[in-house]
Amino acid sequence: MSLNTRQTLRKTSLNDSIPSEIYAILASHYGASGWWPGDSPLEIAVGAILTQNTAWVNVKKAIDNLKSYGMLDVEKLFLADLSELAALIRPSGYYNVKSRRLKNLISVIMDRYAGDLDALLSRDLDQVRTILLGINGIGKETADSICCYAADKLAFVVDAYTARILQRHGLADIRWVYDDIQSMFQQGLPPSIEVYKDLHAYFVFVGKEFCLSKRMLCLECPLRDWMH
Ligand code: SF4
């Protein structure tokens, strides 16, 4: 079945229980996700930029490099030479682009919040999201990852795994729109930051373990009996 995004919205408005149903199944399968790994909001925000277009294993290597050189610090990142920063994050791929994106974020924190990331993250969700989306190189998925996991705010993160799984269950078309899928979940889930954090993680787990881009392991997947 192929549904366009507008049809998806109509369908889900008839059944707002879909997000909670998916969450219940996956929570019972995976338990607490523990996602996002990170010792501080800054580490999570840096990881959200580094994970763009790469696997987490590569991000971890880049973060470990930053940690081992004592660079997970706003002021040190601000003062770091761009090429030095690029060398440290090289394992995450696209390191020249990502070093500039990190610098863009850090410059906003320094220039507008005197180097205090918490001063930025403690604003209300709409303000934080708008500020982040105004930074060159930070799109919706990255901004919402920072809002949800670094700032503990109710921003549901939508990614390619989420879209793929919904598409394969006839709930979103290939022309999926980020905001529509996000609203579907934000309207259907309880207002719990742990639910938001875990459900995004579960979609990533299912997408990596069972619902691969070229192969579906439905018989082993926790969502195998969940069909609409
Ligand atoms: S692997 Fe199959 S059951 Fe699992 S999410 Fe993908 S389509 Fe659904």
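Within the range 134-182, work out how many residues are outside any helix (DSSP H, G or I), away from the ligand (no atom under 16 Å from the Cβ) and among the small types (Gly, Ala, Ser).
Qualifying residue count for the region: 5.
Look at the range 196-228 and say how many of its residues are near the ligand (Cβ under 8 Å from one of its atoms), in contact (Cβ under 8 Å) with a residue 24 or more places away in the chain, farther than 14 Å from ALA160 by Cα and outside any loop (DSSP other than H, G, I, E, B).
So the answer is 1.
Being within 15 Å of TYR95 (Cβ to Cβ) and crowded, with 18+ Cβ neighbours inside 10 Å is true for just one of LEU26, LEU42, LEU66. Which residue is that?
Working: LEU26 fails: within 15 Å of TYR95 (Cβ to Cβ); LEU42 fails: within 15 Å of TYR95 (Cβ to Cβ).
Just a single option satisfies the conditions, and that option is LEU66.
Would you confirm whether any residue within the range 168-175 is out of contact with any Phe, Trp or Tyr (no Cβ under 7 Å at 6 or more places or on another chain), crowded, with 18+ Cβ neighbours inside 10 Å, of a type in the set (A, V, I, L, M, F, W, C) and under 24 Å from ALA151 (Cβ atoms)?
Within the range 168-175, not a single residue is out of contact with any Phe, Trp or Tyr (no Cβ under 7 Å at 6 or more places or on another chain), crowded, with 18+ Cβ neighbours inside 10 Å, of a type in the set (A, V, I, L, M, F, W, C) and under 24 Å from ALA151 (Cβ atoms).
What helices (runs of 4 or more DSSP H) completely inside the range 26-131 contain at least 1 residues that are in contact with a Pro (Cβ under 8 Å, 6 or more places away or on another chain) and of a type outside the set (Phe, Trp, Tyr)?
41-50, 56-68, 117-121
Here, each number is a calculation from the coordinates, and none is a lab measurement. These numbers come from a predicted model, not from an experiment. Methodologically, a virtual Cβ is constructed for each residue, glycine included, from the backbone with ideal geometry; neighbour enumeration extends over all protein chains shown.
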